[in-house]
Amino acid sequence: MWRRSSSIGRGCCSPTESCAYFEQDDMTLEQAQWAKIDLALGKCDLQPGMTLLDIGCGWGSTMLRAVAKYDVNVIGLTLSRNQYAYVDRICSTLSGARNASVRLQGWEEFDEPVDRIVSIGAFEHFRKRRYPAFFQRCHDILPEDGRMLLHTIIGYQRATLEKRGVPVTRDHLLFAIFMLRNIFPGGQLPEPDWVTEPAEDTGFRVEKIESLQPHYARTLDCWAASLSERRDDAVRIASEETYDGYMKYLTGCAELFRTRYLDVMQFTLTK
């Protein structure tokens with residue numbers, strides 16, 4: 001079984017596994033990844049001394065950027081032991097007035113007050129039935145002027161695609177089955193109103209929704225090109241089957257973003 005792996009992001013010299021933001025056309029992938037983090041953090045209205053919660057902190061790049069650029073304290077949450085160990089080592093080397101710490105726990109277990117919340121690429125791993133509880137927890141731990149930035153891939157249901165005039169073929173359905181079985185088991189991609197409705201029901205106001213759709217297509221192109229350049233190494237480390245599976249995933253998803261079957265959006269939520 002193939003799984004999304006941090007090696008894709010790290011192999012391309014990028015600090016995260018999620019969609020980059022090519023703010024300028026001549027940016028490298030790494031520069032565009034930092035631009036994506038800055039885009040997200042810039043929507044949080046961070047002030048020095050605040051505490052930011054990063055839900056699904058990954059390898060810690062957003063946490064470190066927040067400390068360095070915005071002079072805030074940061075708490076990161078992850079369910080990956082490897083990510084926890086890596087980020088914990090980095091946090092232990094930081095010096096200065098602000099604190100950065102990582103915890104091996106889910107959002108359900110976190111109930112401390114924070115000033116702002118950011119979550120990039122974690123929401124896709126939740127299930128729709130848990131969205132109301134997720135937004136309620138986020139709303140409860142934020143102050144009256146709290147803000148939250150949620151960055152997630154958007155996946156449209158077949159009926160929605162047909163209403164939007166986007167045809168769904170047998171090949172699309174087979175690729176979706178491949179993704180669910182081999183790359184994204186247990187995941188569920190939301191439609192936009194799956195985000196906005198439970199968020200608003202718990203008291204959030206949707207201030208802004210920004211699509212980064214073409215940026216993810218280009219990100220995937222970069223990942224595929226990097227993997228292709230290291231094909232022999234990849235086959236030696238893993239296998240021909242694994243390499244072929246990842247190339248199918250990367251190139252196939254890039255095409256789905258280009259043809260509007262998939263999207264990626266940043267939701268700015270305020271209390």
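On the stretch given as region 83-120, residues that are outside any loop (DSSP other than H, G, I, E, B) and within 14 Å of Gly56 (Cβ to Cβ) total 13.
When region 149-197 is filtered for residues that are on the phi < 0 side of the Ramachandran plot, exposed (fewer than 13 other Cβ atoms within 10 Å of the Cβ), part of a loop (DSSP other than H, G, I, E, B) and in contact (Cβ under 8 Å) with a residue 60 or more places away in the chain, the ones remaining, listed by number, are Arg164, Pro185.
Across region 212-254, which residue is surrounded by the fewest Cβ atoms within 10 Å (Cβ to Cβ) among those that are basic (Lys, Arg) and more than 19 Å from Ile120 (Cα to Cα)? Applying the filter and picking the extreme gives Arg236. Could you tell me whether any residue of region 33-45 is of a type outside the set (Phe, Trp, Tyr), surrounded by fewer than 16 Cβ atoms within 10 Å (Cβ to Cβ) and modelled with pLDDT under 95? Within region 33-45 (the criterion being of a type outside the set (Phe, Trp, Tyr), surrounded by fewer than 16 Cβ atoms within 10 Å (Cβ to Cβ) and modelled with pLDDT under 95), the answer is no, since none of the residues qualifies. Looking at region 201-224, is at least one residue outside any strand (DSSP E or B), closer than 25 Å to Tyr21 by Cα and basic (Lys, Arg)? There is at least one residue in region 201-224 that is outside any strand (DSSP E or B), closer than 25 Å to Tyr21 by Cα and basic (Lys, Arg). The set of residues in region 47-79 that are among the small types (Gly, Ala, Ser) and either touching a Gly at 6+ places or on another chain (Cβ under 8 Å) or outside any loop (DSSP other than H, G, I, E, B) (or both) comprises Gly56, Gly58, Gly60, Ser61, Ala66, Ala68, Gly76.
The values are calculated or read from the model by the stated rules, or taken from the named source; none is laboratory data. All values derive from a computational prediction rather than experimental measurement. When we count neighbours, we look across all protein chains shown, and the Cβ atoms used for this are built from the backbone with ideal geometry, even at glycine.
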